Amino acid sequence: MTTVATKPALPPLEHALEDGWTLPASWYSDPAVLALERERIFASAWTYAAPAEWVAESGSYVAAQVGHVPIVVVRDRDGELRGFVNVCRHRGHLVVAGKGCRETLQCPYHAWTYDLDGTLRRAPRSEREPGFDATAFSLHPISVGTWGPFVFANPDPEAEPLADTLGELPEIVASSGLDVDALRFHSHHEWPIASNWKVAIENYLECYHCPAAHPGFSKVIDVGPDAYGLAVHATFSSQIGPVRASALAGDGQSPYTPRGEVTQAQYHFLFPATTVNIAPGFPNVSLERWIPDGTHRTIEVTDYYFAPDIPAAELEELMAWDSQVAEEDVSLVESVQRGLDSGAVPQGRLMMESERLIADFQRRVRDALVGS
Ligand code: FES
Ligand SMILES: [Fe+2]
């Protein structure tokens, strides 16, 4: 047994992750852990933010949240995509909500008005304040970038380019038979989950639970250990699942028949909180960001993209299949959170083959919070 030293603020790791142990149960409920995660993980992470088509026109904007940071992505008058922390420099009201198209960004509280480049253009009664310097109160800039029809954001204005973080992910996605540039945004969904964000991510990262917990999914995708591929890459990890021949044949047993050129399921996880899901069948992808909303609440935000002209019945069949899996997953992770909160099992034990993507995730979290 190896003991890993931690900074005093955090509960200790009694058993080392390298020996197959999980993060301590207390790390899934301790506010000090969440505070460190915000500072050391989310404050400088690239996260999927919105469909690019929402910010295609000059003056268009969309508000979103990445990690704990409210952001706004804007297409400025010169056509440049920009991003800002969506928090008013006056007293902190969120500057804009939702999405739309405007000449300026105006905070609804006291009407401080910002230009599309983030500079403060007007603050009512500021002429009565000797020495008030509007140039000192621009919205804080963030980094933004696009991959095909997807906008990503990083609260760190000095972040490395998005393409460096994505690495070979776009090529792996293309290898599924999918051309992301041919997709159109379809719909936006938000699922609140009563668990710590790490419980939700860890559930995403293994299909060891699929035979027992997702019977409908497992009728379509071969989730056996010799068929279902797991791979750890430099900045992301991937699960690739082949389609069962019985589902392709339309055997009447599977809840979804994958008709179309996408021949495999792909589930990618970009650390810390973005997932990219491709189902087999017609061209489709869903991107998700997982928002930690307190120690015991996570918002799963899902945007579906489909090829144009897919018949509505086929879209509904895929989304129903997907929603069934999501509902089953919510039940699983909320149960795990209750178990972790009991403190009865201070550290769990991973199956290091089938759950090696979780091991990689937990190492990244540990290294970010306390060093390796
Ligand atoms: S908080 Fe925005 S104008 Fe006052
Ligand atoms: Fe699941």
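The values are calculated or read from the model by the stated rules, or taken from the named source; none is laboratory data. All of these numbers come straight from a predicted model, not from anything done at the bench. Using ideal geometry, Cβ is built from the backbone for each residue, glycine included, and neighbour counts are taken over all protein chains shown. Accessible surface is based on the protein model in full, side chains and every heavy atom, while ligands, DNA and RNA are left aside. Shrake-Rupley method; radii C 1.70, N 1.55, O 1.52, S 1.80 Å.
Numbers for the structure displayed
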| item | result |
| --- | --- |
| Pairs where the first residue, in segment 167-178, is among the β-branched types (Val, Ile, Thr) and the second is surrounded by 14 or more Cβ atoms within 10 Å (Cβ to Cβ), C-beta under 7 Å, 6+ apart | Ile172/Ser238; Val173/Val180; Val173/Gln266; Val173/Val276; Val173/Ile278 |
| Residue in segment 208-223 that is nearest to ligand 1 (Cβ to nearest atom), counting only those that are open to solvent by less than 20 Å² (accessible area, probe 1.4 Å) and either under 29 Å from Asp30 (Cβ atoms) or free of Cβ contacts under 8 Å to residues at least 40 places away in the same chain (or both) | Cys210 |
| Every residue from segment 200-231 that is more than 12 Å from ligand 2 (Cβ to nearest atom) and of a type outside the set (Gly, Ala, Ser) | Lys219, Val220, Asp222, Pro225, Asp226, Tyr228, Leu230 |
| Every residue from segment 223-239 that is more than 18 Å from Asn203 (Cβ to Cβ) and part of a strand (DSSP E or B) | Gly229, Ala231 |
| Scope segment 237-287; condition over 28 Å from Arg297 (Cβ atoms) and hydroxyl-bearing (Ser, Thr, Tyr); matching residues | Ser246, Ser254, Tyr256, Thr257, Thr263 |
| Residue check, Ala326 in contact with a Pro (Cβ under 6 Å, 6 or more places away or on another chain) and open to solvent by less than 60 Å² (accessible area, probe 1.4 Å) | no |
| Qualifying positions in segment 144-169 - open to solvent by less than 40 Å² (accessible area, probe 1.4 Å) and either assigned to a loop (DSSP other than H, G, I, E, B) or at pLDDT below 95 (or both) | Gly148, Pro149, Pro155, Ala159, Gly167 |
| Where Trp191 falls short, out of the listed (1) within 26 Å of Asp309 (Cβ to Cβ); (2) modelled with pLDDT under 95 | (1) |
| Inter-residue pairs, beta-carbon under 8 Å, first more than 18 Å from Ile201 (Cβ to Cβ) and in the same structural domain as Trp197 (by TED's automatic domain parsing) and in segment 327-343, second away from ligand 2 (no atom under 16 Å from the Cβ) and of a type in the set (Lys, Arg), 6+ apart | none |
| Counted residues, segment 105-143 - those being open to solvent by less than 70 Å² (accessible area, probe 1.4 Å), among the hydroxyl-bearing types (Ser, Thr, Tyr) and free of Cβ contacts under 8 Å to residues at least 60 places away in the same chain | 5 |
| Matching residues in segment 245-260 - criterion: being closer than 25 Å to Pro170 by Cβ and either surrounded by 21 or more Cβ atoms within 10 Å (Cβ to Cβ) or in contact with a Ser or Thr (Cβ under 9 Å, 6 or more places away or on another chain) (or both) | Pro258 |
| Of all residues making up segment 22-62, the number that are over 23 Å from Leu369 (Cβ atoms), buried (at least 21 other Cβ atoms within 10 Å of the Cβ) and of a type in the set (Gly, Ala, Ser) | 2 |
| Failed criterion for Ile172 (all others in (1) outside the structural domain of His233 (by TED's automatic domain parsing); (2) open to solvent by less than 40 Å² (accessible area, probe 1.4 Å); (3) within 27 Å of Trp54 (Cα to Cα) hold) | (1) |
| Residue match in segment 98-117 (condition: part of a loop (DSSP other than H, G, I, E, B), away from ligand 1 (no atom under 14 Å from the Cβ), at pLDDT 95 or above and farther than 30 Å from His186 by Cβ) | yes |
| Filter result for Ser187 (exposed (fewer than 14 other Cβ atoms within 10 Å of the Cβ), outside any loop (DSSP other than H, G, I, E, B) and either among the polar types (S, T, N, Q) or without any contact (Cβ under 8 Å) to a residue 40 or more places away in the chain (or both)) | yes |
